[in-house]
Every structure is written in C-alpha cells, then in structure tokens.
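Working notes, beginning with the structure itself.
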Amino acid sequence: MSTGILPFLTAPYPLRRSVAADWAFVLGPGIFVALFLLFFQPFGTADFQHPHKQAFLAGYGVVIAAAGFIIVYIAPRLFPGWFDEERWTVGKHILLLLSSFGIAIAGCYFYKDWFLGHSLSWRGFMGFFPLALSIALFPIVGIVAGAYIRRLKHYASGAEMANQRVNHREEVASPDLITLADESGRPALEVHATDLLFLRAADNYVEVFYLLDGQPARTMIRNTLSVMEKILPPGHFFRCHRSFLVNLNRVERLSGNAQGYRLHFGGVAELSAPVARGRNAELLSLLG
C-alpha cells in the first residue's frame, strides 16, 4: 500500500449519503449551537444585554444550518461535475468540510455585526477568519482520516471474505443468447449470456459491456436500465447500483475501499462496477 500525504488525499472516499444523513448534517450543528448558546451562554454572552437576546443567540444556529444547506444542496447544483462520487476523494471531502466550516464562521461573523447594527470590519474579519480556519483544519482532517481508516478496513476485510464465497460458488446456468432491444422494441444487440459483463446507464442510453471474440467490446443502446433489467433473465443479473446492472456469473472477485465494494469481471481486468451500500447484503447473499 502506498504511503504519504498525496496517496491519502487522492484515495477514494464516499460522497453520497441518505436524505436523513444530509439533513442531519444541515440541521444538527445548527440546533446544537443554538441550544448550547441559549442554555449555557458562554463567551461572555451571559452578561450581554439586548431586548432580543434569545433571538440573537438562536440566530447563530440558523446561520450555521444555512452554511450546511449551501454545501449539501446548493453547491452540488452549481458544480455538478465536481460532486461526482466516482471521483470523490479524501482530499475533496476535507475541502468540503472545511468550506462548510468557513462559510459558517464567515456567516456568524457578519451576522453579529448586522444584527447589532455595527459597521462591518473587513480588517477584523481578515485577521480572524484565517486563524479560525487553520484551527479547524486539524480536527477536520482527524475526523475524515478516522472515518476513512474504519471504512477501508471494513470493506477490505468484507471483500476478502466475499471472494472466498465467489471462488467456491456454483455458476447459475444462463440462456445461450440474449437479445437487447432499443426503446422502440427493435433488436439492437444479440450476445451470448456468458459474454455479457455489465450494463451502465448513460443519460438516455445504456452502455453494454461484453466480450466479442474474447476481447472487451462496448455498444450504446437508446433505452433505460430499468427496461433492460426487465429484459434480462432474473437470477443471473443484479442491479448492484442505480447505474449498473451486472452479470453475476461474470463476477470474478470483489475489491473494497472506503467507498464500498467494487465488482471485477473475468476476462476484463480493467473494468469494474461499484456496489451501492444499500445493496451489499443482497449481493453477498447472491454470490454466496
């Protein structure tokens, strides 16, 4: 295994989470900060006098929640190419959390001046903001590194155990020839089931990866993966990911990294398919 800062920062890391986890990221810190300030009133706020003191303190929680909302829901829509889970890394995740913290800190700084009617001090902000960001960097790196190590160990050991099942499983008999049709129902590709590797969604098309005379080949068919899933014989093909439909008989081994499992196919070492974390248990059961 490669060691050093660069391999660590470029290592795969999960991006996509559940809706519940996203909202917990948005609301959790804001609620915690608001309640903490209201109940404990630290940093001299206990002596602070203002007719709307409670609303002022609670407002910090709103600002922090807004920062989380920007990171989770607005930034991916503004920069969709950057938020690609296939290319998401440890370094990107550290930068994402640092950006969320930076937006929250900047928002709280200017919120205070706006609410109290003070003139904005850019000089004070430029002296405060880099210091706060540098202090936050170390715990953020520690949190991400710890989560990365735990995930890597979990999926690496899981893949090792799963490969023992794969090596001893009985291959399910497949039909000799499969005909894949386009959205109009016209035959687009005839391929032997043993040569079909996997299908991948690509906008309004499906990319079909298969072997032709023992060599990897690919063709595009205008259709959806959901329609293809109904065409292909059940028990032989598995929707391992929202964008991937794989031939279980062609799965040669599993690998694991912090993002989860990946399936590798016999005859084509360079091709692989990710497994959605919600489909892990079903996949391992089918392979076993």
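The values are calculated or read from the model by the stated rules, or taken from the named source; none is laboratory data. The model shown is predicted, which means the values in this text are computed figures rather than measured ones. Positions of Cβ are backbone-derived with ideal geometry, glycine not excepted, and every protein chain shown enters the neighbour counts.
Some observations on this one:
- Where helices (runs of 4 or more DSSP H) fall entirely within segment 7-82, those with at least 2 residues that are within 17 Å of Cys108 (Cβ to Cβ) are at 19-40, 53-69.
- When segment 100-133 is filtered for residues that are modelled with pLDDT of 90 or more, of a type in the set (S, T, N, Q) and more than 17 Å from the chain's Cα centre (by Cα), nothing remains.
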